[in-house]
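Participant: The structure follows.
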Amino acid sequence: MRQGVTYIFIFLSILFVVYSFSIYLKPLFDTDHPSINKEEAANGQLVWQKYNCQACHQLYGLGGFLGPDLTNVLSNPYKGEEYVRAFIQSGTKQMPVFTIPDQEMSALIAFLKSTDASGIADPRNFSTNHFGMIQENEKKK
């Protein structure tokens with residue numbers, strides 16, 4: 001009897017390790033869009049960090065509050081790539097003018113495209129339940 005319990009414990013432990021590796025080694029959501037160059041988008045994230053864009057702007061509702069959330073700015077029918085380029089190059093009352101080289105600008109746009117393609121995730125729509133799990137809030141009717 002005791003030997004059977006030991007085998008079950010070993011079997012379950014091995015399953016746990018295999019399952020853990022499968023979760024952490026493979027991304028849960030792979031936003032593989034043919035129009036997005038992943039390497040350029042990764043470089044764009046570095047540009048985003050270099051110019052400290054998150055100090056004023058948000059992605060997915062997280063970041064600074066001085067500027068607007070830029071998660072889906074490129075898919076907005078009233079905005080888009082030219083809108084973003086114009087604001088970066090000319091600035092506004094609150095936003096300074098940035099002299100960004102064309103290569104960095106293209107990478108930043110690629111990063112915003114990849115962010116836009118990943119969907120919408122406003123953290124205000126989620127909460128932590130009593131089990132410690134994050135869940136979407138129920139929509140009020």
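Participant: Can you report the number of residues in region 47-75 which are under 12 Å from residue 112 (Cα atoms) and loosely packed, with under 15 Cβ neighbours inside 10 Å?
Facilitator: The total comes to 1.
Participant: Another question, if that's okay. Working only within region 93-133, note down all residues that are in a loop (DSSP other than H, G, I, E, B), at pLDDT below 90 and of a type in the set (Phe, Trp, Tyr).
Facilitator: 131
Participant: Could I ask something else about it? Tell me yes or no: at least one residue of region 18-40 is assigned to a helix (DSSP H, G or I) and surrounded by 11 or more Cβ atoms within 10 Å (Cβ to Cβ). First the steps, then the outcome.
Facilitator: Let us first name the residues in region 18-40 that are assigned to a helix (DSSP H, G or I), namely 18-25, 38-40.
Add one more test, that the residue is surrounded by 11 or more Cβ atoms within 10 Å (Cβ to Cβ), and what stays is 38, 40.
Checked region 18-40: at least one residue is assigned to a helix (DSSP H, G or I) and surrounded by 11 or more Cβ atoms within 10 Å (Cβ to Cβ).
Participant: Which pairs turn up if I take residues in region 51-77 that are charged (D, E, K, R) and look for partners that are part of a strand (DSSP E or B) with beta carbon separation below 6 Å, at least 6 apart in sequence or on another chain?
Facilitator: From region 51-77, the pairs are 69/58.
Participant: Take region 64-99 and flag every residue that is within 16 Å of residue 120 (Cα to Cα) and touching a strand residue (DSSP E or B) at 6+ places or on another chain (Cβ under 8 Å).
Facilitator: 68, 69, 70, 71
Participant: Does region 121-130 contain at least one residue that is exposed (fewer than 13 other Cβ atoms within 10 Å of the Cβ) and over 17 Å from residue 60 (Cβ atoms)?
Facilitator: Yes - at least one qualifying residue is present in region 121-130.
Participant: Please specify each residue of region 20-69 satisfying the condition of being at pLDDT below 85 and of a type in the set (Lys, Arg).
Facilitator: Within region 20-69, 26 is the sole residue that qualifies.
Participant: Let me ask another. Could you grab me the full set of residues in region 102-136 that are over 10 Å from the mean Cα position of the chain (by Cα) and of a type in the set (Val, Ile, Thr)?
Facilitator: 109, 128, 134
Participant: Right, next: So residue 111 fits all but one of (1) under 14 Å from residue 40 (Cβ atoms); (2) among the aromatic types (Phe, Trp, Tyr); (3) without any contact (Cβ under 8 Å) to a residue 60 or more places away in the chain; what number is the exception?
Facilitator: Residue 111 satisfies all of (1) under 14 Å from residue 40 (Cβ atoms); (2) among the aromatic types (Phe, Trp, Tyr); (3) without any contact (Cβ under 8 Å) to a residue 60 or more places away in the chain except (3).
The values are calculated or read from the model by the stated rules, or taken from the named source; none is laboratory data. Please read all numbers here as calculations on a predicted model, not as lab measurements. Positions of Cβ are backbone-derived with ideal geometry, glycine not excepted, and every protein chain shown enters the neighbour counts.
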